[in-house]
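Below is one structure, written out as structure tokens, with a few remarks after it.
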Amino acid sequence: MTEPERTAGDADAALLQTAGLTKRFGEFTAVDHVDLAVEQGEFRSIIGPNGAGKTTLFNLISGAMRPTEGTITLAGRDITALSPAERVAENLARSFQLTTVFNGLSVHENVRLAAQSARFATMSPIERLFADPDRFDAINDRTAAIIDDLGLREVATAQASDLSYGDRRRLEVALVLATDPEVVLLDEPTAGMSGDETAATIELIEEVLTDKTVVLVEHNVDLVMRVSDRITTLNSGAVVATGTPEEIAKNEQVREAYLGGYTA
Ligand code: ADP
Ligand code: MG
């Protein structure tokens with residue numbers, strides 16, 4: 001159950017690939033030669049016990065951390081050296097947890113800023129100075145469409161700090177979508193949520209990300225089994241197995257590493 005062996009130069013290379021991706025903190029190896037090949041439109045989940053290296057792997061892919069070794073390619077382009085903002089401009093969206101909601105701004109202003117930031121990420125400071133956001137019809141259209149899609153129209157002028165918990169989660173999803181990502185990275189979007197909130201967030205993720213390529217880091221195994229096309233299990237920084245939810249549920253090494261007897 002290893003990933004298909006392909007290189008970034010291949011015509012049929014996966015949309016998002018990592019090759020030999022490694023992160024060491026001093027002597028300690030948190031991510032150990034991880035090869036991922038995530039196909040366009042795939043919903044890939046990364047699971048593993050606490051300390052397996054999931055968040056570190058996530059940080060490497062989003063650009064929050066630089067790898068010690070290895071490469072990351074997106075649509076065949078090597079993005080290993082790009083900043084997080086430059087990755088957003090390459091259609092790799094940040095996660096909920098990396099998304100900044102500005103509490104003093106309205107829902108509409110928050111969404112528009114996120115839409116702008118993707119548009120502006122690759123501009124020089126002088127270009128930004130002369131780029132009047134209100135003239136960007138595309139940005140304004142996109143802002144309105146996303147607010148509608150996420151059912152935020154009623155609260156569009158409300159200040160973000162005044163939102164209900166559910167509306168705030170929806171705003172966070174809106175900010176991810178505002179950058180018009182091709183690939184969406186999510187690190188434990190249900191962390192700290194109650195059962196009901198978790199279910200609602202899962203529904204929202206399934207609904208709005210249907211067409212996207214998703215990499216989800218998640219500890220909630222039931223959620224992962226329901227929504228994933230394929231699951232990668234990490235243990236001690238290394239890939240134990242990659243496969244469909246059925247394959248992962250049956251895999252003995254996965255059970256030993258993480259699932260503690262989980263049966264499908
Ligand atoms: P997970 O998200 O799977 O629980 P993490 O990626 O957060 O795992 O952590 C993997 C390992 O790397 C852990 O042992 C953790 O203590 C270590 N680690 C993570 N970040 C750092 C850091 N900045 N410096 C040193 N060790 C780290
Ligand atoms: Mg983590």
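The values are calculated or read from the model by the stated rules, or taken from the named source; none is laboratory data. Predicted model, so just to flag it, every value in this text is computed and none were measured. Positions of Cβ are generated from backbone atoms using ideal geometry, with glycine treated the same way; all protein chains shown enter the neighbour counts. Areas reflect the complete protein model, heavy atoms only, side chains present, ligands, DNA and RNA absent. Shrake-Rupley method; radii C 1.70, N 1.55, O 1.52, S 1.80 Å.
Selection of the stretch 37-79 for residues being charged (D, E, K, R) and part of a loop (DSSP other than H, G, I, E, B) yields E39, E42, R66. Within the stretch 201-216, does at least one residue satisfy the condition of being within 14 Å of ligand 1 (Cβ to nearest atom) and not aromatic (F, W, Y)? Yes, the stretch 201-216 contains a residue that is within 14 Å of ligand 1 (Cβ to nearest atom) and not aromatic (F, W, Y). Has the stretch 184-200 got at least one residue that is open to solvent by 40 Å² or more (accessible area, probe 1.4 Å), touching a residue at least 40 places away in the same chain (Cβ under 8 Å) and under 21 Å from T73 (Cα atoms)? Scanning the stretch 184-200, I find no residue that is open to solvent by 40 Å² or more (accessible area, probe 1.4 Å), touching a residue at least 40 places away in the same chain (Cβ under 8 Å) and under 21 Å from T73 (Cα atoms), so the answer is no. Scan the stretch 149-174 for residues that are over 22 Å from the mean Cα position of the chain (by Cα) and open to solvent by 20 Å² or more (accessible area, probe 1.4 Å) and the total you get is 10.
Figure legend. Inter-residue proximity from the stretch 50-67: first residues farther than 14 Å from D187 by Cα, second residues of a type in the set (K, R) and open to solvent by 10 Å² or more (accessible area, probe 1.4 Å), beta-carbon distance below 6 Å, spacing 6+ or different chains. Indicated pairs: P67/K23. In this entry, E39 passes the filter for residues that are more than 14 Å from ligand 2 (Cβ to nearest atom), open to solvent by 50 Å² or more (accessible area, probe 1.4 Å), modelled with pLDDT of 95 or more and within 24 Å of Q253 (Cβ to Cβ). Quick check on G192: is it assigned to a loop (DSSP other than H, G, I, E, B), touching a helix residue (DSSP H, G or I) at 6+ places or on another chain (Cβ under 9 Å) and either among the β-branched types (V, I, T) or on the phi > 0 side of the Ramachandran plot (or both)? In short, no. If you go through the stretch 3-28 and keep only what is buried (at least 18 other Cβ atoms within 10 Å of the Cβ), modelled with pLDDT of 95 or more and more than 18 Å from the chain's Cα centre (by Cα), you end up with A19, T22, K23.
For every residue, the table says whether it meets (1) open to solvent by 30 Å² or more (accessible area, probe 1.4 Å); (2) more than 16 Å from the chain's Cα centre (by Cα); (3) at pLDDT below 85.
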site: T210; (1), (2), (3): yes, no, yes
site: T213; (1), (2), (3): no, no, no
site: T232; (1), (2), (3): no, no, no
site: T263; (1), (2), (3): yes, yes, yes
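For (1) at positive phi; (2) within 13 Å of ligand 2 (Cβ to nearest atom), each residue gets a yes or a no:
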residue: V34; (1), (2): no, no
residue: R44; (1), (2): no, no
residue: P49; (1), (2): no, yes
residue: F58; (1), (2): no, yes
residue: G63; (1), (2): yes, no
residue: P67; (1), (2): no, no
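Only residues that are in contact (Cβ under 8 Å) with a residue 12 or more places away in the chain, of a type in the set (V, I, T) and outside any helix (DSSP H, G or I) were counted in the stretch 201-255, giving 11.
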